[in-house]
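Worksheet: the structure to be examined is printed underneath.
The values are calculated or read from the model by the stated rules, or taken from the named source; none is laboratory data. Owing to the predicted nature of the structure, the values given are computational and were not obtained by experimental measurement. Positions of Cβ are backbone-derived with ideal geometry, glycine not excepted, and every protein chain shown enters the neighbour counts.
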Amino acid sequence: MLGVLGGGQLGAMFAVAARRLGYRVSVWDQDADAPALKIADLPVSAPFTDPTALDRFAGSISAVTYEWENIPVALGEALEQRLAVRPASRILRILQNRVEQKQFLASHNIPVAPFRPIAAPGDVSVAAASIGFPCLCKTATHGYDGKGQWQLAGPQDLPSVTEQLNQQTHSPWVLEQFLAFDKELSVLVVRGADGDKRVYPTVENVHEAGILRTSRVPAEVDPRLAQRAGALAASVVEALEGVGVFCVELFLMPDGRLFVNEVAPRPHNSGHYTLDACTVSQFEQQVRAVCGLPLGEVRLLCPAVMVNLIGEDCIKVSAGDGLANLFRWPGAKLHLYGKKSVRPGRKMGHVTFLAEKPHEAWASANKLKRMLG
């Protein structure tokens with residue numbers, strides 16, 4: 001039996017991929033309503049600090065992975081005393097903290113935006129004077145989908161941001177130079193325990209209000225640049241000596257330079273296209289890496305664009321005429337995550353459009369977004 005820490009949609013997709021390959025799955029999540037718990041062979045719903053749950057979970061599985069990077073490092077370390085944890089807890093420690101992550105990347109000569117750690121709210125002004133404006137202040141931990149971020153356009157924003165940091169429960173923070181990028185890209189990299197690697201095609205992403213809205217593959221960039229992005233992403237995973245699936249988020253600058261934004265030690269929202277458009281999905285690759293199996297190919301079968309369904313979008317496409325119209329749509333593949341409650345800003349599902357030509361998939365994605373309003 002395989003284990004996964006975290007029971008959201010990524011954990012559920014991992015469980016489906018594992019079952020298809022003949023494995024049973026145990027899912028541990030603190031939320032009793034987590035989607036993956038409903039399909040697990042052995043669901044565990046308890047705090048991640050519960051020693052009884054740890055014994056039950058660890059005693060039932062042969063290897064474990066996770067679906068998000070905010071799993072307590074101490075839990076990963078405890079599990080490593082008993083079985084294989086992939087990626088390792090030392091990688092989790094590096095990547096779940098933006099300061100440690102950026103320091104690690106910079107120490108390996110991987111390009112990142114200039115940054116300064118912030119230990120206390122009063123340090124913001126000193127860091128901003130060093131970095132320059134505009135700049136971004138981010139929580140070092142627990143930030144996602146644009147949460148825990150503040151933009152400073154100039155010195156006039158310092159008092160407001162400092163006051164907001166004083167009200168935060170999460171600290172420290174990191175201040176980084178705002179990069180006026182041309183495009184946001186991402187690359188999935190899979191690495192096995194034997195060092196074998198697979199690099200998926202470069203993806204172009206568009207965010208709205210800090211949340212990923214669309215991902216298109218192949219990215220609309222020069223093929224040589226896409227190749228360079230893939231090589232940079234692979235070098236990040238090599239530096240980490242990671243085993244598992246990683247997503248490297250990149251900023252493409254107008255002059256062609258690439259900067260690493262963040263690294264996720266798990267399958268990623270921008271890689272959901274692999275479920276329908278690739279011979280082997282990111283989730284099957286995760287199963288293979290966790291089990292020490294040979295990695296699969298990363299062949300893109302056709303161009304694709306994924307559109308996230310956020311908040312009430314899922315209601316608009318899953319009921320009445322919305323569902324019927326989507327099912328009639330050539331190349332449309334609907335995925336709903338089975339989350340119990342609908343909230344603004346919450347990812348409830350996605351639609352992937354497959355087409356023979358990139359512009360056809362992009363046109364379908366834009367049409368859906370217009371319909372969603």
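Data overview
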read-out	value
Residue in region 266-277 that is of a type in the set (S, T, Y), surrounded by fewer than 24 Cβ atoms within 10 Å (Cβ to Cβ) and under 30 Å from L79 (Cβ atoms) present	no
Unmet criterion (only one of (1) in contact with a Phe, Trp or Tyr (Cβ under 9 Å, 6 or more places away or on another chain); (2) touching a residue at least 24 places away in the same chain (Cβ under 8 Å); (3) part of a helix (DSSP H, G or I)) for A226	(1)
Pairs, first at pLDDT below 90 in region 333-350, second of a type outside the set (S, T, Y), C-beta under 7 Å, six or more apart	K340/D33
Number of the exception - Y66 against (1) crowded, with 16+ Cβ neighbours inside 10 Å; (2) hydroxyl-bearing (S, T, Y); (3) more than 22 Å from H335 (Cα to Cα)	(3)
Which listed residue, of P111, P117, is part of a loop (DSSP other than H, G, I, E, B) and more than 24 Å from R24 (Cα to Cα)	P111
Residue within region 306-318 that is in contact with a Phe, Trp or Tyr (Cβ under 7 Å, 6 or more places away or on another chain), surrounded by 24 or more Cβ atoms within 10 Å (Cβ to Cβ) and either free of Cβ contacts under 8 Å to residues at least 40 places away in the same chain or farther than 16 Å from A226 by Cβ (or both) present	yes
Boolean, S89 is of a type outside the set (D, E), under 18 Å from the mean Cα position of the chain (by Cα) and under 23 Å from Q282 (Cβ atoms)	yes
Filter result (farther than 19 Å from F353 by Cα and under 16 Å from the mean Cα position of the chain (by Cα)) within region 212-233	A233
Residues satisfying the stated conditions in region 309-349, i.e. out of contact with any Gly (no Cβ under 8 Å at 6 or more places or on another chain) and part of a strand (DSSP E or B)	A332, K333, K347, G349
Residue match in region 291-298 (condition: touching a residue at least 40 places away in the same chain (Cβ under 8 Å) and in a strand (DSSP E or B))	no
Residue under evaluation R198, criteria (1) farther than 30 Å from L232 by Cα; (2) buried (at least 19 other Cβ atoms within 10 Å of the Cβ), criterion not met	(1)
Residue among N325, N366 that is surrounded by fewer than 18 Cβ atoms within 10 Å (Cβ to Cβ), within 27 Å of P35 (Cα to Cα) and free of Cβ contacts under 8 Å to residues at least 60 places away in the same chain	N325
Criterion (in contact with a Gly (Cβ under 6 Å, 6 or more places away or on another chain), at pLDDT below 95, closer than 30 Å to E163 by Cα and not assigned by TED's automatic domain parsing to the domain that holds V245) met by exactly one of D145, D123	D145
